[in-house]
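Please read the structure below before turning to the comments.
Nothing in this text is a laboratory measurement; each read-out follows from the coordinates by a stated rule. Only a predicted model underlies this, so the values are computations on that prediction, with no experimental measurement involved. Using ideal geometry, Cβ is built from the backbone for each residue, glycine included, and neighbour counts are taken over all protein chains shown.
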Amino acid sequence: MHDEIGWKVFFFASLVICSHAAFGQNGPEPGGNEIQVWTGGGYSVPGGTSSTGVLNAGLRYGWNLTAPHGPGFLRGSFEYAVDTVPLFMIFEPANTTYGFAISPLGLKWNFVRRGRIVPYFELGGGVLFTGNEVPPGTSDVNFTPTAAVGFHHLGNKWTWNMDVRFLHISDAGLSRFNPGINTLQVRLGIGMFRRPH
């Protein structure tokens, strides 16, 4: 099952990488927007329920709010983003659970462009709704705080991105039993930075 997830992520990454031949996009600009389609997957890490895999896919819309500022290598610009996640699969030893999520809190720092690369750091959070309790015996409504570090690779029109993302799934005490799930994921996306009108 987990090998199948790995092949899907590898196939998507190969497709995205091979689709870029020309480079020239400017990247995030004040007053512009980011539009992106993404998919990610990963596995549980210590600190919560073990032997659990996650596969998800979603859409992102972001607002580039500031011009670059800050000192030295920290110089960058602030983006606010919202993710809609219509596909959220959780692979547990007992069963596979399907759900969807909304992440209305995406706080992203896009570092200044370095050649074709725009590194970024992100903090976010949202709500996950599932068909079964996740983990079993808890709740079918969970919260999803996340932290990620990654980069955009700029193309002529399209950009692709990759990040490593820590995702915590927890019902925040909605149920008495609340072990939570900690996952480490790789997320891949393709999209564009639109210039301000």
*Stretch Leu184-Thr84 to full length: gain in nm at 0.36 nm per residue minus the Cα-Cα span?*
34.0 nm
*When only Cα pairs under 8 Å and 6 or more residues apart are kept, what is the percent relative contact order across segment 133-197?*
33
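Find how much the distance from Leu105 to Ser50 grows on full extension, using 0.36 nm per residue of separation minus their present alpha carbon separation; answer in nm with one decimal. Please report the intermediate quantities before stating the final value.
Values: separation 55, 0.36 × 55 = 19.80 nm, distance 2.66 nm.
Length gained, Leu105 through Ser50: 17.1 nm.
Fully extended, how many nm does the chain gain between Leu65 and Arg194 (0.36 nm per residue separation, minus their Cα-Cα distance)? Walk me through the numbers before you get to the answer.
Details: separation 129, 0.36 × 129 = 46.44 nm, distance 1.28 nm.
Value of the extension gain: 45.2 nm.
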*asked:* Can you work out the Karplus-derived ³J(HN,Hα) for every residue in segment 118-129? Use 6.51 cos²θ - 1.76 cosθ + 1.60 with θ = phi - 60°, whole Hz, and x for glycine or proline.
replied: 10, x, 8, 10, 9, 10, x, x, x, 10, 10, 10
*Filter the trypsin sites (Lys or Arg not before Pro) in segment 66-134 down to the DSSP loop ones having no more than 16 other Cβ atoms within 10 Å, then list what survives.*
Arg75, Arg116
*asked:* Nearest 10 degrees is fine. How inclined is helix 2-18 to the longest principal axis of the chain, computing both from alpha carbons?
replied: 10
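In nm², what is the average projected area of the convex hull enclosing the Cα atoms of the chain? Spell out each step's value before the answer.
Values: hull surface 45.4 nm².
Averaged projected hull area, Cα only: 11.4 nm².
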*Return the whole-Å distance between the Cα centroid of segment 41-111 and the Cα centroid of segment 150-197.*
3
